[in-house]
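The values are calculated or read from the model by the stated rules, or taken from the named source; none is laboratory data. These numbers come from a predicted model, not from an experiment. Glycine also receives a Cβ, built like all others from the backbone with ideal geometry; neighbour counts cover every protein chain displayed. Side chains included, ligands, DNA and RNA excluded: accessible areas come from the protein's heavy atoms. Shrake-Rupley method; radii C 1.70, N 1.55, O 1.52, S 1.80 Å.
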Amino acid sequence: MLLVEDDRSIREVTKLALEQAGFRVTACGDGREGLALFARERFDLVLLDVMLPGVDGLEVCREIRRSHGTPIIMLTARTDTVDVVVGLELGADDYVSKPFQPAELVARVRAALRRGQTTDASAVLCVGEIEIDETAFRSTRAGRELSLTATEFRLLCVLARRPGQVFTREMLLELVWGYEFLGDSRLVNVAIQRLRAKVEDDPAHPVLITTVRGVGYRLKPP
């Protein structure tokens with residue numbers, strides 16, 4: 001995995017903790033170097049600090065998301081909700097606030113890798129115009145291929161397996177992100193927004209992925 005963190009002490013401690021957990025880690029201290037490394041090598045996951053010299057973490061996230069669905073976890077010392085939401089809207093899959101416990105970070109990394117590499121079924125799912133081939137990691141709507149991140153793809157799969165069922169945010173955190181208590185409902189809200197932007201004709205007035213006020217979300221059956 002790629003770790004981009006400008007604070008040397010945090011970078012070294014984080015790298016050591018991840019290596020002790022069995023991961024191979026390439027680490028650097030600024031955004032430009034991180035993008036250069038990402039362009040040269042293949043990484044299963046990116047850990048990305050928000051506050052970086054030169055090119056900040058949000059811009060690095062944006063650049064990676066232009067062409068890659070690699071799982072991204074943001075590391076942030078900021079407590080401002082806006083910074084968290086912006087990172088998620090740019091395509092980050094998760095975030096961890098500093099200071100964090102190594103065990104928590106390792107758990108988040110493992111959950112993100114499971115999400116990116118596994119699926120729960122091999123059948124092709126069809127809901128109206130949406131068709132999902134889980135083993136091929138491919139989804140289309142009316143024959144048009146959808147460019148989804150790993151998290152967006154898994155979210156769509158969960159909704160499509162039970163069209164019409166209402167999923168609470170807590171259920172989606174457990175089914176999509178793989179944890180129940182470490183999660184944040186903002187992950188769900190922003191992921192739904194991003195998914196709607198890719199599958200709805202008018203994301204501002206969704207008709208496929210609908211909100212059940214006070215409860216959660218559902219994929220509307222045809």
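Observations, loosely collected:
- Subset of the stretch 170-222 (residues that are outside any helix (DSSP H, G or I) and touching a Gly at 6+ places or on another chain (Cβ under 8 Å)): LEU208, ARG218, LEU219, LYS220, PRO221, PRO222
- Considering only residues in the stretch 94-125 that are basic (Lys, Arg) and open to solvent by 90 Å² or more (accessible area, probe 1.4 Å), the one that is modelled with the lowest pLDDT turns out to be ARG114.
- Flag for ARG141 being surrounded by fewer than 21 Cβ atoms within 10 Å (Cβ to Cβ) and closer than 23 Å to SER97 by Cβ: no
- When HIS68 is tested against the conditions (1) open to solvent by 60 Å² or more (accessible area, probe 1.4 Å); (2) farther than 21 Å from LYS15 by Cβ; (3) part of a helix (DSSP H, G or I), the lone failure is (3).
- Leading residue by the ranking (least open to solvent (accessible area, probe 1.4 Å)) among those in the stretch 126-138 that are free of Cβ contacts under 8 Å to residues at least 60 places away in the same chain and in a strand (DSSP E or B): ILE132
- Taking the stretch 163-222 as the range and being of a type in the set (S, T, N, Q) and either free of Cβ contacts under 8 Å to residues at least 60 places away in the same chain or open to solvent by less than 40 Å² (accessible area, probe 1.4 Å) (or both) as the test, the residues that pass are GLN165, THR168, SER185, ASN189, THR210, THR211.
- Complete set of residues in the stretch 71-88 that are touching a residue at least 24 places away in the same chain (Cβ under 8 Å) and not in a loop (DSSP other than H, G, I, E, B): ILE72, ILE73, MET74, LEU75, THR76, THR81, ASP83, VAL84, VAL85, VAL86, GLY87, LEU88
- Of all the criteria given as (1) part of a loop (DSSP other than H, G, I, E, B); (2) surrounded by fewer than 20 Cβ atoms within 10 Å (Cβ to Cβ), the one not satisfied by GLY91 is (2).
- Residue list for the stretch 1-24, restricted to those being outside any helix (DSSP H, G or I) and open to solvent by less than 20 Å² (accessible area, probe 1.4 Å): LEU2, LEU3, VAL4, GLU5
- Members of the stretch 30-45 that are in a loop (DSSP other than H, G, I, E, B) and buried (at least 17 other Cβ atoms within 10 Å of the Cβ): ASP30, PHE43, LEU45
- Any hit, the stretch 46-57, residues being open to solvent by 10 Å² or more (accessible area, probe 1.4 Å) and either on the phi > 0 side of the Ramachandran plot or outside any loop (DSSP other than H, G, I, E, B) (or both): yes
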